[in-house]
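Have a look at the structure below before the remarks.
No lab work stands behind these numbers, since they all come straight from the coordinates. This structure is a prediction, so every number in the text was calculated from the model and none was measured. With ideal geometry, Cβ positions are generated from the backbone for all residues, glycine too; neighbour counts draw on all protein chains shown.
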Amino acid sequence: MTKKKPFEDRVRLRAVAPKPPHSVKSAMRALELLEFFDDIQTEATVLQVAHALGYPQSSTSALLRTLYSSGYLHYNPWRRTYVTTVRAALLGSWVGTNFAREGRVMEVMRKLNEETGNAVMLATRNGLYSQYIHVIQATSAARLHLSVGTVRHLVSSGTGFVFMSQMSDPEIIRIINRSNAEGLSPSVVVRDVLAEIEQVRKLGYAFSVNRVTPGGGVLAAPLVRSDDRPMLVLAIGGISSNMVETKDMLVESLFQRIAEYSAGE
C-alpha cells in the first residue's frame, strides 16, 4: 500500500496557475480553493488553506463556510477540517466523464429509475445533513419532484439514518445532541433514533414514509462505504402509498443494483 504524503508535501507539489486578467477575485478564489483540494487530495483546516493560498484567514473562513453550506465541501467539526464532497466531483457530469453521466453510478441510477418509475437519488453527507448530489426524476404518473442540492437532517430522514447506521453509537449521540442544541430540526429523542438506526443496521436499508415530506417516502441503502472514499447512499423516492404497496419489489431492485455496482469495484 502506497503511503500518503504528509499535508505539507502535498501543498509543495501543487502547481499554482497564474490568474487571468480581468478576473473577479471572489470567483477566482472559489475556483482556486476547489483546485487546491483537488491537488492535495486530503482534508485541511482554515489556517492550512489560508497559508497555502496566501489568503487572509477571515476571508478564507467565510469562503470555506459558503462552499460547505452549498454542499461542495464537507466539514469535520471534531478535527475542524474541510474536504471536497462528491457533489464537487459531479460538476460537469453532463460532459460524460467516467464517474458521471456515463459512469457506473449513473448507469445504476438509470436502471433503477427505469425499473421502478420512481425518483432515484444519490446522497452524500454534508455535516449534520444528507444532501442529494444527483437526482433522476420519476417517470410514473404519481411522482415526487426532488431537486439536486436538497438537504435532509441526518437525525430525521431515511438517507440520514443510513449514514448514521455506519457510525458508532457515541458518534450518533453527539450528532443528535448537536442537532437538538442548534435547533436544526424538530427535537428528537436519543433512544428513539438509536432504536431506528439499529433496525437499519439489521435490514441493511432504511424505509421511511411521511417523515420529511407528507405523502412522500424514501427507501435508502449504502452504495459506497469505504475507509478511503466518501460514503454514498442510493435512494428511491416516491408517493408513500405506492412505496408501501411495492416495498418488497423496491428493496429487491435496490439491492440488486447495489450488488451490480459493487461487483465492478
**Q.** Top-ranked residue in the range 163-184 [being touching a Leu at 6+ places or on another chain (Cβ under 9 Å) and crowded, with 19+ Cβ neighbours inside 10 Å; ranked as nearest to Ala221 (Cα to Cα)]
**A.** Phe163
Q: Out of Gly158, Gly149, report the one residue that is of a type outside the set (A, V, I, L, M) and surrounded by 16 or more Cβ atoms within 10 Å (Cβ to Cβ).
A: Gly158
Q.
Every residue in the range 37-47 that is of a type outside the set (A, V, I, L, M) and crowded, with 19+ Cβ neighbours inside 10 Å, please.
A. Phe37
Q.
Checking the structure you have, find out if any residue of the range 231-240 is without any contact (Cβ under 8 Å) to a residue 12 or more places away in the chain and surrounded by fewer than 21 Cβ atoms within 10 Å (Cβ to Cβ).
A. no
Q: Among the residues of the range 111-167, count how many are in a loop (DSSP other than H, G, I, E, B) and over 13 Å from the mean Cα position of the chain (by Cα).
A: 16
Q.
Under 6 Å between Cβ atoms, which residue pairs at least 6 apart in sequence (or on different chains) link something in the range 187-211 that is of a type in the set (Gly, Ala, Ser) with a partner that is buried (at least 20 other Cβ atoms within 10 Å of the Cβ) and assigned to a helix (DSSP H, G or I)?
A. Ala206/Gly158; Ala206/Phe161; Ala206/Val162; Ala206/Val200; Ser208/Gly158
Q | Among (1) within 19 Å of Asn126 (Cβ to Cβ); (2) in a helix (DSSP H, G or I), the one test that Val188 misses | A | (2)
Q: Those residues that are outside any helix (DSSP H, G or I), under 18 Å from Thr85 (Cα atoms) and among the hydroxyl-bearing types (Ser, Thr, Tyr), I need them from the range 30-67; list them, please.
A: Thr42, Thr45
**Q.** Among (1) in contact with a Leu (Cβ under 7 Å, 6 or more places away or on another chain); (2) farther than 21 Å from Glu171 by Cβ - the single one Leu73 does not satisfy
**A.** (2)
Q | Test result for Val200, in a helix (DSSP H, G or I) and not aromatic (Phe, Trp, Tyr) | A | yes
